[in-house]
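The values are calculated or read from the model by the stated rules, or taken from the named source; none is laboratory data. Fair warning: this is a prediction, and the values are worked out from it, not measured in the lab. Note that each Cβ is placed from the backbone with ideal geometry, even for glycine, and that neighbours are counted across all protein chains shown. To get the accessible areas, we keep the full protein, side chains included, count just its heavy atoms, and leave off ligands, DNA and RNA. Shrake-Rupley method; radii C 1.70, N 1.55, O 1.52, S 1.80 Å.
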Amino acid sequence: MRNEKFAWIGKKAVRKEDVRLMSGRGQYFADMQLPGVLHCFIVRSMRAHAKIVSIDRAAAKQSAGVVAVFTGDDIKDHLDPLPHPIVVPNLPGKFPKHWPLAVGKVKFHGEPVAVIVATDRYLAEDAGELVEVVYEDLPYVGSPEVSSRPDATLIHEDLDNNEIFSMSFTGGFTEDSVKANVDEIEAIINSAPVVISRKFKTHRVGVTPLETRGVMAKWDRDDGLTCWATTQRPHIDRLALAEVLNIPTHMVRVIAPRDQGGGFGTKAPFYRESILIPWLAKTLGRPVRWLESREESLMVVGQERDQRHEMTIAADKEGKILGMRARVVADNGDGCMGVYWGFVMPVLGAATLPSGYYLPKCDIQLRSYVTNKPSLSPSRSFGSYPGRFVIERLVDILAKEVGKEPVEIRRINLVSSLPHVTATGCHLDSGDYLKAFNSLVATVDLAAFREKQTALRRQGRYIGLGFGTGVEISGIASDVFVQLENQPGYGSATIRIDARGRVQVLEGDAPQGTSHETTFSQVVAENFGIHIADVVVQTGDTANTPFGSGSLGARGGSYTVSAVHNACRTLRDKMARIFIFDRKLDLHVGDIQFEDGFVFPALDPKNRIPFAELADRIVMKPVNMPPGEEAGLEATSYFEAAKPMFYFGAHACMVEVFPKTGEFEITRYVTCEDAGTVINPLVVEGQIQGGVVQGLSNAMFEEFLYDEHGQQLTTTLEAYKLAIAPDVPHVEVTHSFTPCPHTPLGSRGIGEGIPGPVPGALTNALCDALAPFDIEINELPVRSDKIWRMLREKGADIGKPEKGSKQPELQNA
């Protein structure tokens, strides 16, 4: 794992962030206050779909401590609605008009209808209970199946129907070429020796950061708007706020807290509250603050994955896939979410549906329909989680159909030569997928497992082994990101060396526990031959950091870290040139070493100068400089990869299932990831461990539920079950290294897609264990009661669940 030519890269350095976080000195949003700040409580709709007849706020206005009460009608003439160009992707979708507070009608349970501004958070909440809203109920549209009907109730009056997005991802860009491709795939399916058709469903689920959202803003006539927000992308928020509030961009500053308790995509959109709180601060002329409750968070954000797939694959008798047809439908929610609009996640999921498999002949089409639920919002494994589940289940079903080991079907169908362009146009740039997958298979010892499985089945015990793979984004190139979100993909960083040899890194993105301080410090220390303690990383303040599109899509380990490295190389070369000039050496910059706090010729280590002394000479004593050289040590780099980058990961899951109760236990979980050059193995392992746990929690426990009227039933952590430590196994992390040729360090970002292979690996393991009962699991979540029912439907002699057996939500899985 460690390359000996590096001093810091590949080192298991303890996270710099942990010293303050573990000693209670972290600075989270909840720790931030301003003198005289006002507090907000947002009154949210108790209906899923209804006209607003009236809002009586008289009693709330008279309540103690209340400064102001606003409704949608109060703000709509003073504030531009979305959409605005900065938060609209270059995709052929529809973008419903909306304000921060509902105007005229509500479209989901939890939509903001009024805001109370008071001197105290609790007084604001007390006043909020006094607001009386009279509704006239409208028909609840709770699923894509209902939303897509010709006679369906229209959710957005400014749209002509409920289909917010539709697109074919294969066959070209004309109607004729798409039809020709559809016909070609149909012919392949009709003539293939083996045809598999199945329907799959993934439920509404997502990620739940430890820290909820928050926004605080103040307005100053001279300095303009300053906004503190729990955001993954402060620079995008700054541009969006300037547009929506009609403020010149140079008078808008957005600051993301140094410490954020997780984001995982949920803090990337441009939310209604992100607009409302700054508008209130500007309107009232006082600082205003809002901190989301856990109930609000579970009510309106972190909801993704809600898709249906109708799939057909054609294969030859050996299991080689010849063609694939996919009809994908997404439950979009109301779609009122800046940047993402509910459908951007399913778009990327459809585009990456082939994953790492060689499927040159595909017909993939997506339709997304608005419903009376909160908009789908980004979650880790952005858009791809449902598709990974689907494709991995299909591979196992195919293996059973042709009578082969699922491992062999994967070997036959995985892309074996890179680069490769998929049928949807995704450029798979580099790596060795078969090498990584074979390494995983060797680690779990497939032959030994099959022997044990056979022996245990004779004893009436059922164990299973399942695999899941995924090709996931490693940052997003601008030529893709501009289309997807109307924003650039490059990574950016400024490096500044002071006269005492200390280094400052300025990064425009806003990490949320993703170890940027540690990994970026390691790259800086590697370049300059200093200690990571001599490096400070500052992030997320638009006033002093270079523009960045945010912490998302695994950009940190691919794009941003490359910008850090390149900026360091610029300064290192400058320092080397000045050192050569001062010492009158006939050398090139590549002949100069930076090591252990000194700068010296590689072939003459004794002719050295302390790094700090050379920095002082350039910053404080810029006399007798080499021709063309300037004083100072500061450089900014913008890194853009030549091609989009992906990384490959493979997971293996072992389970034991107890048919009498349907309960199951995960007995072993192993991953093999190709992260290229690993900057910090501890950080990478932490990313993988956390991603697997999120994937398992999504697959087994979590689910957003609604009743027949659209009331959200899972707005507490009692009702919305998250996996905890006893629920999940230890994850064995292994690696298969192939350096990325498109980044200067050979590194890849891997944080985004880790949960993706999890549901396939888990359900394949369960189906493998229950193969004697011919059980297929093609719908998530998977729980013991569902398994018990499926076994019963198959007529298995399993008896009734034993009295007192553990329920699904408490299972030790």
Test: Gly262 is buried (at least 22 other Cβ atoms within 10 Å of the Cβ), over 22 Å from Asn486 (Cβ atoms), small (Gly, Ala, Ser) and in contact (Cβ under 8 Å) with a residue 24 or more places away in the chain: no
Every residue from the range 37-55 that is surrounded by fewer than 16 Cβ atoms within 10 Å (Cβ to Cβ) and either free of Cβ contacts under 8 Å to residues at least 60 places away in the same chain or part of a loop (DSSP other than H, G, I, E, B) (or both): Met46
Filter result (open to solvent by 10 Å² or more (accessible area, probe 1.4 Å), in a strand (DSSP E or B) and not acidic (Asp, Glu)) within the range 720-758: Val733, Thr734, His735
Residue match in the range 303-322 (condition: under 20 Å from Val88 (Cα atoms) and part of a strand (DSSP E or B)): yes
Search result, residues across the range 553-571 that are of a type in the set (D, E, K, R) and either open to solvent by 30 Å² or more (accessible area, probe 1.4 Å) or free of Cβ contacts under 8 Å to residues at least 40 places away in the same chain (or both): Arg569
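Rundown of residues vs (1) farther than 30 Å from Thr743 by Cβ; (2) not charged (D, E, K, R), yes/no style:
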position: Ser377; (1), (2): no, yes
position: Val402; (1), (2): yes, yes
position: Glu405; (1), (2): yes, no
position: Ala447; (1), (2): yes, yes
Answer residue from the range 56-69, given it is surrounded by fewer than 21 Cβ atoms within 10 Å (Cβ to Cβ) and of a type outside the set (Gly, Ala, Ser) and is nearest to the chain's Cα centre (by Cα) among those: Val67
Per-region count, the range 134-158, residues in contact with a Gly (Cβ under 9 Å, 6 or more places away or on another chain) and either assigned to a helix (DSSP H, G or I) or more than 22 Å from Phe704 (Cα to Cα) (or both): 2
Hey, Tyr669 open to solvent by less than 10 Å² (accessible area, probe 1.4 Å), more than 30 Å from Glu136 (Cα to Cα) and of a type in the set (Phe, Trp, Tyr) or not: yes
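Is it true that Thr202 is crowded, with 18+ Cβ neighbours inside 10 Å, touching a residue at least 12 places away in the same chain (Cβ under 8 Å) and more than 30 Å from Gln27 (Cβ to Cβ)?
Yes, satisfied.
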Residue in the range 536-552 that is surrounded by the fewest Cβ atoms within 10 Å (Cβ to Cβ), counting only those that are part of a loop (DSSP other than H, G, I, E, B) and touching a helix residue (DSSP H, G or I) at 6+ places or on another chain (Cβ under 7 Å): Phe547
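So which of Thr231, Thr283 ends up being of a type in the set (S, T, N, Q) and either more than 24 Å from Lys373 (Cβ to Cβ) or without any contact (Cβ under 8 Å) to a residue 12 or more places away in the chain (or both)?
The unique qualifying residue is Thr283.
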Members of the range 495-521 found to be assigned to a strand (DSSP E or B) and open to solvent by less than 10 Å² (accessible area, probe 1.4 Å), listed by number: Ile495, Ile497, Val503, Val505, Leu506, Glu507
Pair list, Cβ < 6 Å and 6+ apart or interchain, from the range 67-93 residues that are within 13 Å of Thr283 (Cβ to Cβ) to residues that are basic (Lys, Arg): Val69/Arg57; Val69/Lys61
Pro801 vs. criteria at pLDDT below 95, surrounded by fewer than 22 Cβ atoms within 10 Å (Cβ to Cβ), within 22 Å of Val655 (Cα to Cα) and over 25 Å from the mean Cα position of the chain (by Cα): yes
The range 642-665, residues that are at pLDDT 95 or above, aliphatic (A, V, I, L, M) and open to solvent by 10 Å² or more (accessible area, probe 1.4 Å): Met654
Residue that is more than 30 Å from Arg294 (Cα to Cα) and of a type in the set (A, V, I, L, M, F, W, C), where the choices are Val215, Val182: Val182
Those residues of the range 13-36 which are in contact with a Ser or Thr (Cβ under 6 Å, 6 or more places away or on another chain) and in a helix (DSSP H, G or I), in sequence order: Phe29
Search result, residues across the range 432-466 that are within 30 Å of Thr677 (Cα to Cα) and among the charged types (D, E, K, R): Asp432, Lys435, Asp445
Residue match in the range 759-769 (condition: assigned to a loop (DSSP other than H, G, I, E, B) and open to solvent by 20 Å² or more (accessible area, probe 1.4 Å)): no
Leu713 being of a type outside the set (Ser, Thr, Tyr), over 30 Å from Cys568 (Cβ atoms) and open to solvent by less than 10 Å² (accessible area, probe 1.4 Å): no
Extreme residue, nearest to Asp774 (Cα to Cα), among residues of the range 398-422 that are open to solvent by 30 Å² or more (accessible area, probe 1.4 Å) and assigned to a loop (DSSP other than H, G, I, E, B): Gly403
Single residue of the range 237-266 satisfying the filter (among the charged types (D, E, K, R) and in contact with a Phe, Trp or Tyr (Cβ under 8 Å, 6 or more places away or on another chain)) that is nearest to Leu210 (Cα to Cα): Asp259
Checking Gly491 against (1) surrounded by fewer than 18 Cβ atoms within 10 Å (Cβ to Cβ); (2) in contact with a helix residue (DSSP H, G or I) (Cβ under 8 Å, 6 or more places away or on another chain); (3) over 24 Å from Met337 (Cβ atoms), the condition it does not meet: (1)
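Among the candidates Val390, Val370, single out the residue that is over 30 Å from Gly464 (Cα atoms) and crowded, with 21+ Cβ neighbours inside 10 Å.
Just a single option satisfies the conditions, and that option is Val370.
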Residue that is touching a Ser or Thr at 6+ places or on another chain (Cβ under 9 Å), free of Cβ contacts under 8 Å to residues at least 24 places away in the same chain and open to solvent by 20 Å² or more (accessible area, probe 1.4 Å), where the choices are Val133, Val178, Val103, Val146: Val178
Of residues in the range 583-623 being in contact (Cβ under 8 Å) with a residue 24 or more places away in the chain and more than 21 Å from Ile495 (Cβ to Cβ), the one surrounded by the fewest Cβ atoms within 10 Å (Cβ to Cβ): Asn607
Residue within the range 247-258 that is open to solvent by 50 Å² or more (accessible area, probe 1.4 Å), touching a helix residue (DSSP H, G or I) at 6+ places or on another chain (Cβ under 8 Å), at pLDDT 95 or above and assigned to a strand (DSSP E or B) present: yes
